[in-house]
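The structure appears right after this line, and notes come after that.
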Amino acid sequence: MIETSDIQKTYKMGAEEVRALKSVSISVNKGEYVAFMGPSGSGKSTLMNIIGCLDTPTAGTYILNEKDVSDMSENELAEIRNKEIGFVFQTFNLLPRASCLENVALPLIYAGYNKSDREDKAFIALKNVGLADRVHHKPNELSGGQRQRVAIARALVNDPSIILADEPTGNLDTKTSYSIMELFHELHQKGNTIIMVTHEDDIAHYAHRVIRLRDGLVESDEINLTPTRAVTVELDE
Ligand code: ADP
Ligand code: MG
């Protein structure tokens, strides 16, 4: 599904260059659950942005679902993003004035659905993350864990082929983090492909494969034979 070959990314800042990715070759199959780890500045977010078609590599090739996306224009990338990728961010990135339902329905506007289909799909997505009774709430009327669940519903509403989550539990307390990992576990069980960035070992341990980056290179790439299974946490924190 995802195949990067010797991808490099150099940022130019005036006369200075930062080699964020020196050479990264990885492949991820459909249905995998992968965690990217590594110290701050090792290139995790840069790699996620390229995989998520938010940015393109300076060199090397990136094949996503059998399409070479390495040199696509911004318009082409945007189209692939809308179809294939569901993003989850550390800071949730919800629209504060919009209701949960409106937030979740947003990607469906770009996908061309009419209003009533958008609302139906958004409602189902919210129901699937345990928030059927919060559809008309605004983000600031929800707890952190509930906000992240709204963001996950939004990421899933378009039925993307990959879920990309950059530090999804970075702003959550431990118990809430586990409930979000619980949800990821279920999504993985249902066949979703998930890649998440985390620097917390106990969060990474939910994934079935851990790729460590260091200085823009893959330091290790290991299967986790004993991923964390369901722990009993209450969904409503
Ligand atoms: P991580 O997510 O592992 O902390 P990043 O991918 O964010 O690492 O950053 C890798 C390196 O690239 C760092 O040295 C960072 O300062 C640099 N970098 C990241 N984004 C940019 C950017 N937009 N412009 C310039 N340098 C950047
Ligand atoms: Mg980062």
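Which one of 67, 9 is away from ligand 2 (no atom under 14 Å from the Cβ) and more than 19 Å from residue 220 (Cβ to Cβ)?
Values: 9 fails: away from ligand 2 (no atom under 14 Å from the Cβ).
None of the others qualify; the one that does is 67.
Inside segment 157-184, can you point out the residues that are surrounded by fewer than 22 Cβ atoms within 10 Å (Cβ to Cβ) and either among the charged types (D, E, K, R) or in contact (Cβ under 8 Å) with a residue 60 or more places away in the chain (or both)?
Result: 158, 159, 160, 161, 166, 167, 170, 171, 173, 175, 176, 182.
Among the residues of segment 30-52, write down those that are away from ligand 2 (no atom under 16 Å from the Cβ) and either without any contact (Cβ under 8 Å) to a residue 60 or more places away in the chain or buried (at least 21 other Cβ atoms within 10 Å of the Cβ) (or both).
To start, the set of residues in segment 30-52 that are away from ligand 2 (no atom under 16 Å from the Cβ) comprises 30-33.
33 - this is the single residue of segment 30-52 that is away from ligand 2 (no atom under 16 Å from the Cβ) and either without any contact (Cβ under 8 Å) to a residue 60 or more places away in the chain or buried (at least 21 other Cβ atoms within 10 Å of the Cβ) (or both).
Quick check on my filter: what residues within segment 150-196 are among the charged types (D, E, K, R) and closer than 19 Å to residue 49 by Cα? Spell out the reasoning first.
Going residue by residue through segment 150-196, those that are among the charged types (D, E, K, R) are 154, 159, 166-167, 173, 175, 182, 186, 190.
Result: 154, 166, 167.
Quick check on my filter: what residues within segment 141-156 are polar (S, T, N, Q) and either within 16 Å of ligand 1 (Cβ to nearest atom) or buried (at least 21 other Cβ atoms within 10 Å of the Cβ) (or both)?
First pass over segment 141-156, keeping only residues polar (S, T, N, Q): 143, 146, 148.
Residues satisfying the conditions are 146, 148.
Suppose we keep only residues that are β-branched (Val, Ile, Thr) and under 24 Å from residue 81 (Cα atoms) within segment 157-181. Which one would you say is nearest to ligand 1 (Cβ to nearest atom)?
So in segment 157-181, the residues β-branched (Val, Ile, Thr) come out as 157, 162-163, 169, 174, 176, 180.
So of that shortlist, the ones also under 24 Å from residue 81 (Cα atoms) come out as 157, 162-163, 169, 180.
On the way: 157: 26, 162: 18, 163: 18, 169: 15, 180: 19 Å.
Here the residue is 169.
Among what's in segment 11-51 and is near ligand 1 (Cβ under 9 Å from one of its atoms) and of a type in the set (S, T, N, Q), pick the residue that is nearest to residue 78 (Cα to Cα).
The selected residue is 49.
Residue-wise test of (1) in contact with a helix residue (DSSP H, G or I) (Cβ under 9 Å, 6 or more places away or on another chain); (2) among the hydrophobic types (A, V, I, L, M, F, W, C); (3) more than 16 Å from ligand 2 (Cβ to nearest atom).
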residue	(1), (2), (3)
112	no, no, yes
118	yes, no, yes
122	yes, yes, yes
127	yes, no, yes
134	yes, no, yes
138	yes, no, yes
157	yes, yes, yes
169	yes, no, no
179	yes, no, yes
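Restricting to segment 79-135, what's the tally of residues that are touching a strand residue (DSSP E or B) at 6+ places or on another chain (Cβ under 7 Å) and small (Gly, Ala, Ser)?
1
Exactly one condition in (1) in a loop (DSSP other than H, G, I, E, B); (2) in contact with a helix residue (DSSP H, G or I) (Cβ under 8 Å, 6 or more places away or on another chain) is not met by residue 70; state its number.
That leaves (2) as the condition not met.
Table: residues versus (1) in contact with a Pro (Cβ under 9 Å, 6 or more places away or on another chain); (2) modelled with pLDDT of 90 or more; (3) of a type in the set (A, V, I, L, M); (4) assigned to a helix (DSSP H, G or I).
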residue: 151; (1), (2), (3), (4): yes, yes, yes, yes
residue: 154; (1), (2), (3), (4): yes, yes, no, yes
residue: 178; (1), (2), (3), (4): no, yes, no, yes
residue: 181; (1), (2), (3), (4): yes, yes, yes, yes
residue: 185; (1), (2), (3), (4): yes, yes, no, yes
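How many residues does segment 53-73 hold that are over 20 Å from the mean Cα position of the chain (by Cα), away from ligand 1 (no atom under 16 Å from the Cβ) and either under 12 Å from residue 9 (Cα atoms) or buried (at least 17 other Cβ atoms within 10 Å of the Cβ) (or both)?
2
For residues that are assigned to a helix (DSSP H, G or I) and among the aromatic types (Phe, Trp, Tyr), scanning just segment 76-126, find the one that is surrounded by the most Cβ atoms within 10 Å (Cβ to Cβ). Break it down into steps so the answer makes sense when it comes.
From segment 76-126, those assigned to a helix (DSSP H, G or I) are 76-84, 100-110, 115-126; that's our starting set.
Applying the additional criterion that residues be among the aromatic types (Phe, Trp, Tyr) yields 110, 123.
Values: 110: 13, 123: 19.
Taking the candidates together, the pick is 123.
The values are calculated or read from the model by the stated rules, or taken from the named source; none is laboratory data. Everything numeric in this text was worked out from a predicted model, so none of it was measured. Don't worry about glycine lacking a Cβ; one is built from the backbone with ideal geometry, like all the others, and counts go over all protein chains shown.
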